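Student: Input: one structure, supplied below.
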Amino acid sequence: MGSTTDCDDRQPELDAGLNTNETMTLNNYIFPTDRLRKTLSDSDKIPLVLVSCGSFSPPTNLHLRMFEEAADYCEFETNFEVVGGFFSPVGDAYKKAGLASAHHRIKMTRIAVQDSSSWIGVDPWEPLHKEYLPTVKVLDHFDHELNEVMGGIETPSGEKKRIQVALLAGADLIQTMSTPGLWTKEDLNRILGHYGAFILERSGTDIDDALLSLQQFRDNIRVISQLIQNDVSSTKIRLFRKRGKSIRYYIPDKVVDYIYEHDLYVDDEKKQSDKGKGRASGDSTPSGSSIIAAAS
C-alpha cells in the first residue's frame, strides 16, 4: 500500500512492516521499540538514542556507517552509551526532486537494516503525516516516546534513567544551519542546544566555517572524522540509475534488488523505452528476481 499524497483529508497509510499485509496510519501507530536496548549496561553512562532525519532516497551504505561511526565515537570519546538508533524518513509533503514515495523509502530503510544491524530501527511516524514536519518536531516526538511514554531506560540497579535524544547527520546539514534564514533561532536553540548533534565529516564540506556561526552550540555539536573516506550519496545513486550504470556495492544488496524490482529512479522516458524488453546488463535485473517480478 502506497502513501496518500493527494490534497485531501485522508491520512497517509504505510505498510506496518516488511513481512506483513497490515497497514499503519497515525491512528494505529506504535512506536518501534524492538531494537532498543532494554537495560543500560553502565549506570554512570548517559543513555543516548541517535536519530537520523532525511530523504533516504535511497538509503546508502554511508547512511548506515554514520550510525556505526557515531557509536564508536560515543564509546571511545564520550560518556554516552548508545542504546538505539533510528532512521526517520521525511514524508511525501517534502517536495524534493528525485524523492521516491514514502512507501518505497520506508521499505528500503527497513530492508537496509533488517539483517545488517541489531540496534538501528526505522520509525514511520514522520512520513505518516500528510504535512511536512520540521526536524525539531521529530526530535520532540522521540523524546516524548522514549522518556514520557516509556519512562526512560532501566539501569542495572533497576532505576529508570532519562534517555538523551540527539540528531545524527552529515556535515552538509550543519552548513545549512549556519546559513542565515534557513532555520529559525527557536529551532536551532532546541535542536543544537537541547538535543545536540553528531555530525559526520564529508569530503568537500568545510565544516569549520559552518561551525563559526554556531559557536554558542559548540559543546553540543560533536564532529566525527571519517577515517576511511566515503563519498557515496543518494543523489549520486539516482544519477547512476538515470545513466544506466550499476549501483551495486554502493548501497545494501537487498536495497539494490528492491530498486530494480520496482524500477525506481529511472526517467519516465527510459521506463517507456525499456518496457517489455530485458537489458543485456547483468545488473539490470536483481539477483534472485525475474523480469516478471520487476514489473510487479
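Student: Using amide H atoms built 1.01 Å from N in the peptide plane, name the residues 5+ places from GLY121, or on other chains, whose amide H lies under 5 Å from its own.
Tutor: Under 5 Å from the amide H of GLY121: GLY85, PHE86, PHE87.
Student: Relative contact order for the chain using alpha-carbon pairs under 8 Å, separation at least 6, rounded to a whole percent?
Tutor: 19 percent.
Student: Continuing with this model, one more query. If ligands, DNA and RNA are left out, what is the accessible area of TYR94 with a 1.4 Å probe, given in Å² to the nearest 10?
Tutor: Approximately 90 Å² for this residue.
Student: So what are the three principal axis dimensions of the stretch 103-243 from its Cα atoms, in whole Å, longest to shortest?
Tutor: In descending order, the Cα extents are 52, 39, 36 Å.
Student: Per residue, how many Å² of accessible area does the chain show with a 1.4 Å probe?
Tutor: Result: 50 Å² of accessible area for each residue.
Student: What's the longest piece of the chain with no exposed GluC sites (Glu not before Pro), counting a site as exposed if DSSP puts it in a loop and it has at most 13 other beta carbons within 10 Å?
Tutor: Longest run free of exposed loop sites: 160-296.
Student: Just to make sure I understand: if all protein chains stay in place, what is the order of ASP44, ASP209, ASP15, ASP253 by accessible area at 1.4 Å, largest first?
Tutor: ASP44, ASP209, ASP253, ASP15
Student: Which ³J(HN,Hα) values in Hz, rounded to whole numbers, follow from the phi angles of the stretch 40-45 under the Karplus curve 6.51 cos²θ - 1.76 cosθ + 1.60, where θ = phi - 60° and Gly and Pro get x?
Tutor: Values, residue by residue: 6, 7, 10, 4, 7, 8 Hz.
Student: Here's a follow-up. For the stretch 2-160, compute Rh as the Kirkwood radius over C-alpha pairs and then the Stokes-Einstein diffusion coefficient at 10 °C and 1.306 mPa s; write the answer in µm²/s, rounded to an integer.
Tutor: 96
Student: Carbon-plus-sulfur fraction of the accessible area of the stretch 46-227, 1.4 Å probe, in percent?
Tutor: The computed percentage sits at 48.
Student: Within the chain, which DSSP H helices have Cα atoms that stretch 27 Å or more along the helix axis and a mean Kyte-Doolittle hydropathy of at least 1.0?
Tutor: none
Student: Further question: Search the structure for amide H atoms under 5 Å from the amide H of GLY54, placed 1.01 Å from N in the peptide plane, and list their residues when 5 or more places away or on another chain.
Tutor: SER88, VAL90
Student: Using Cα extents along the principal axes in Å as the read-out, say which of [x] 145, 55, 28; [y] 60, 43, 37; [z] 57, 51, 35 was calculated from these coordinates.
Tutor: For Cα extents along the principal axes in Å, the calculated option is [y].
Student: Quote the Stokes-Einstein diffusion coefficient, in whole µm² s⁻¹, for the stretch 99-160, based on the Kirkwood radius over alpha carbon pairs, a temperature of 10 °C and a viscosity of 1.306 mPa s.
Tutor: Result for D is 114 µm²/s.
Student: Leaving ligands, DNA and RNA out of it, rank THR109, THR135, THR179 by accessible area with a 1.4 Å probe, largest first.
Tutor: Solvent-accessible surface, decreasing: THR179, THR135, THR109.
Student: For THR20 and GLU201 in one chain, what is 0.36 nm times their gap in residues minus the Cα-Cα distance, to one decimal in nm?
Tutor: Gain on extension, THR20 to GLU201, equals 61.4 nm.
Student: From the protein chains alone at 1.4 Å, what is the descending order of accessible area for LEU48, LEU227, LEU182, LEU173, largest first?
Tutor: The ordering from most to least exposed comes out as LEU227, LEU182, LEU173, LEU48.
Student: Counting DSSP beta bridges in the chain, what percent are antiparallel, to the nearest 5?
Tutor: 15
Student: A further question follows. So what's the gap between the Cα centers of the stretch 61-105 and the stretch 225-270, to the nearest angstrom?
Tutor: 17
The values are calculated or read from the model by the stated rules, or taken from the named source; none is laboratory data. Since this is a predicted model, take the numbers as computed values, not measurements. A quick note on method: Cβ atoms are made from the backbone with ideal geometry, for glycine too, and the neighbour counts reach across all protein chains shown. Keep in mind that these areas ignore ligands, DNA and RNA; they rest on the heavy atoms of the full protein, side chains included. Shrake-Rupley method; radii C 1.70, N 1.55, O 1.52, S 1.80 Å.
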